[in-house]
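*Asks:* Structure incoming, see below.
Readers should treat all values here as calculations from the given coordinates under stated rules, not as data from a laboratory. What you see is a predicted model; the values in this text were computed from it and never measured. Cβ placement follows ideal geometry from the backbone for every residue including glycine, while neighbour counts extend to all protein chains displayed.
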Amino acid sequence: MTTHDGWDNGSSARRNAGGGDISGWETRTSRPGQGGQGQSGYGQSGYGQGGQGSRGQGQGGYDQGRQPLPPELNPRGPGAGRRSGQQVGGRPVPQQGSPAGGLPPELDPRGPGRGTRPSGPGGPGGGNGAGTGPGRRKWSRSRKIRFSLFTLVLVLLVVSVGTYFWADSKLNHSNVLVDYAGRPAAGKGTNWLIIGSDSREGLSKAQQQALHTGYDTGARTDSMMILHSGSNGNTLMSIPRDSYVTIPAWTDSKGVKHSSAKHKINAAYAEGGGTLMVQTLEYNTGIHIDHYAEIGFSGFVNVVNDLGGIDMCLDKAIVDKASGANLKAGCQTLNGAQSLAFVRERHQEASQDLARMKHQQQFLSALSHKATSAGTLLNPFTLYPTLDSGLSLLTVDNNTGLTDLGSMFFAMKDVQSGKGKTITVPIANANYPTASDGDAVKWNMNEAEQVFNAFKNDSTVPTFSS
């Protein structure tokens, strides 16, 4: 009894051998030992030796007396149609899916290494499976670039957030902007009150002597400015510290009430600090102050030194024994001590305090330009020391944060670059005699009111000849 199973391999050769079933593979129920030429299924010209083997016992449907076709001639691949573990001609049949159980790698239409299982824990590349064997897909250059950029952005984001919270913790906040009866309503745009005090806090006796600051205790204003930023440009207006104004009624820290009185505006800061200074300016100008910033001598010097100095161009040499200024004419880089002397010098100038205010405006704009430059913001060896020394000695109102300070510096940078203007409150008499305070500065209220209204309404600020 003969059954046909599988493929017809070498049928012409078997026909020429004169016997056997032409189906190629057969299972017979035969007696062992019976075999004659041509009865084994393969002839002399076929694969195998007909007549010399037993007909076999048909294990698994295969004739053990026959040898398989060579792997390269089997259309289903070596071992196809056989179960793993069987033997043909004394050789084990390869398992399907093993490297020997498929087409040669160069003939496999799916590519080298496809359809084979890894030979170890990491596949053909070994290791933990992350190797670069033939079955692993390598990253393209563009993918590596995208991953690198993503990593860089993530690192910069983490560093920026960390820097922000660190720097914000350095700020000294003070409750100087308080509501009171009759306070001007908030106007359009943003108004900053910027105070430079002559506080010696943080300076040793030797430093006070070297910087020519004197040894006075307490604090007075050495400079004061109102910075307005809005849709019609930015304007930096200086207020003479000897301005003769009305100081409104106030109550000191001990609960003692003080009636309103006429004095130099500097007295408001000396008696009631930043809070009374804000109220005095708002009372006399009608301008609502939105933010407050104050820095003393020590912080001023440290910031300039950490920035690597400030570039200034002077139209004439300045020599002043009182402030310690000894500066040549022309462009130069001023260090912290030289910068402090420059903004405090007044005795060489004919207009004294008025000329000093122009120096202060000039210097503050140059400082803002340096502080907001790419060379500072992108250089951590400059940025972090500057933030550390500057912010730790800077006092701001409770509602001011780092973003507000950044806006202030960029607004002053615009003033320096020509996108804004610097002015002094219009003056009627720079040597106005008073009954108790000596000579003072009297404002030209007709012109001053026009400037104040422009600040309140965020309109174009008028310019008057001095």
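*Asks:* What are the ³J(HN,Hα) values, in whole Hz, obtained from phi via the Karplus relation 6.51 cos²θ - 1.76 cosθ + 1.60 with θ = phi - 60°, for each residue of the range 441-448 in sequence order, with x given for Gly and Pro?
*Replies:* Taking θ as phi minus 60°, the curve returns 10, 9, 6, 8, 5, 5, 6, 4 Hz for the range 441-448.
*Asks:* All other residues with a Cβ under 12 Å from the Cβ of ASN429 taken together, and with Lys, Arg as +1 and Asp, Glu as -1, what is their net charge? If you can, show how the numbers build up before the last one.
*Replies:* Details: positive: LYS442; negative: ASP242, ASP439.
Around ASN429, the surrounding residues sum to -1.
*Asks:* Sequence-distant or interchain residues sharing an amide H contact under 5 Å with HIS258, placed H: which?
*Replies:* TRP250, THR251, ASP252
*Asks:* Right, something else. Show me the three semi-axes of the equivalent ellipsoid for the range 251-410, from the C-alpha gyration tensor (sqrt of 5 times each eigenvalue), largest first, rounded to whole Å.
*Replies:* Working: eigenvalues 178, 105, 36 Å².
The answer is 30, 23, 13 Å, longest axis first.
*Asks:* Just to check I understand the Karplus step: with θ = phi - 60° and J = 6.51 cos²θ - 1.76 cosθ + 1.60, what whole-Hz values come out for the range 256-267, glycine and proline as x?
*Replies:* After applying 6.51 cos²θ - 1.76 cosθ + 1.60, I find 7, 8, 10, 6, 5, 7, 8, 7, 5, 5, 5, 5 Hz.
*Asks:* Right, something else. Calculate one ³J(HN,Hα) per residue across the range 168-178 by plugging θ = phi - 60° into the Karplus curve 6.51 cos²θ - 1.76 cosθ + 1.60, and present them in order as whole Hz with x for glycine and proline.
*Replies:* So the Karplus estimates, Gly and Pro as x, are 4, 6, 7, 5, 9, 9, 9, 7, 8, 9, 10 Hz.
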